[in-house]
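One structure below.
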Amino acid sequence: MTSIMTTIRFPNEIYQQLKQVAQSQHTSINQMVVHSVQQALNGANTPSIENQLVINQIVPPDQILSDSGLVKVNGIYYRYLTENNDSIIADTAYVVIAATGNILTIRAIKK
């Protein structure tokens, strides 16, 4: 999917709230805005069950099966993508930052 860079103006108060929520969810402001816009365009008012169950879950290194492209979260195997398509770091835990159907996006937790 091709991305287009654009500028959006937020009132300072909204921007600060957005920044705080993004930090608490271990995600970027960009990802939050894109996700929110996607939900609005799709008419989704409630998060999917995957979002409710897996977003912000910590995934230990032994639950990431990089050879098969699967990750086990809450006893369920999902396909995964890494943020920025980075390679999996073998001894690093990850946090789930997005869920689209049965595909999770994960981000390495910096040590």
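Name all residues of the range 1-37 having a backbone nitrogen under 12 Å from the label point set 7 Å from the Cα of GLN63 along its Cα→Cβ direction, giving them as ranges.
From the range 1-37, the list is empty.
Ignoring any ligand, DNA or RNA, what whole percent of the accessible area of the range 49-108 comes from carbon and sulfur when the probe is 1.4 angstrom? The partial results should precede the final answer.
Values: 1680 of 3380 Å².
Roughly 50 percent of what the probe reaches on the range 49-108 is carbon or sulfur.
Which is farthest toward the positive dipole end of the chain among THR27, GLN17, ALA90, measuring Cα position about the Cα centre, with Cβ charges +1 (Lys, Arg) and -1 (Asp, Glu)?
Checked the options; the winner is GLN17.
With a 10 Å cut-off between alpha carbons and a GNM built on the chain, which of VAL33, VAL59, VAL73 moves the most?
Sorting by GNM fluctuation, first place goes to VAL33.
Please report, in whole Å³, the volume per residue of the convex hull around the C-alpha atoms of the chain.
Working: hull volume 14.2 nm³, N = 111.
Each residue corresponds to 128 Å³ of Cα convex hull volume.
Have a look at SER87, SER66, SER28 and tell me which one the Gaussian network model of the chain (Cα, springs below 10 Å) gives the largest fluctuation.
Of the options given, SER87 has the highest mean-square fluctuation.
So what is the accessible area of the chain per residue, in Å², with the probe set to 1.4 Å? Don't skip to the end; give the middle numbers.
On the way: 8100 Å² over 111 residues.
For the chain, the solvent-accessible area averages 73 Å² per residue.
Against the longest alpha carbon principal axis of the chain, how many degrees, from 0 to 90 and to the nearest 10, is the axis of helix 12-24 turned?
Between the helix axis and the principal axis of the chain, the angle is about 10 degrees.
For THR105, what accessible area in Å² do you get when you roll a 1.4 Å probe over the heavy atoms of the protein chains, rounding to the nearest 10?
Approximately 30 Å² of THR105 is accessible to the 1.4 Å probe.
Okay, which of the range 92-111 sit inside 19 Å, backbone N to the point 7 Å along the Cα-Cβ direction of VAL21?
Inside the label zone: 96-100.
Using Cα pairs closer than 8 Å and at least 6 residues apart in sequence, work out the relative contact order for the chain, in percent. Can you show the working numbers first?
Values: 119 pairs, mean separation 23.5, N = 111.
Relative contact order for the chain comes out at 21 percent.
Relative to the longest principal axis of the C-alpha atoms of the chain, give the angle of the C-alpha long axis of helix 29-42, reported between 0 and 90° and rounded to the nearest 10°.
Once rounded, one gets 80 degrees.
With just the Cα atoms of the range 53-111, tell me how far they stretch along each of the three principal axes, in Å, largest first.
27, 21, 20
Where both residues lie in the chain, what percent of DSSP beta bridges are antiparallel, nearest 5?
On the way: 14 of 18 bridges.
Close to 80 percent.
What does the charge dipole of the chain about its Cα centre add up to, to the nearest 20 debye, if the Cβ of each Lys and Arg holds +1 and the Cβ of each Asp and Glu holds -1? Don't skip to the end; give the middle numbers.
On the way: 7 positive and 7 negative charges, 44 e Å.
That gives a dipole near 220 debye.
The values are calculated or read from the model by the stated rules, or taken from the named source; none is laboratory data. This structure is a prediction, so every number in the text was calculated from the model and none was measured. FYI the Cβ positions are ideal-geometry reconstructions off the backbone, even for glycines, and counts take in every protein chain you see. With ligands, DNA and RNA removed, areas are computed over all heavy atoms of the protein, side chains included. Shrake-Rupley method; radii C 1.70, N 1.55, O 1.52, S 1.80 Å.
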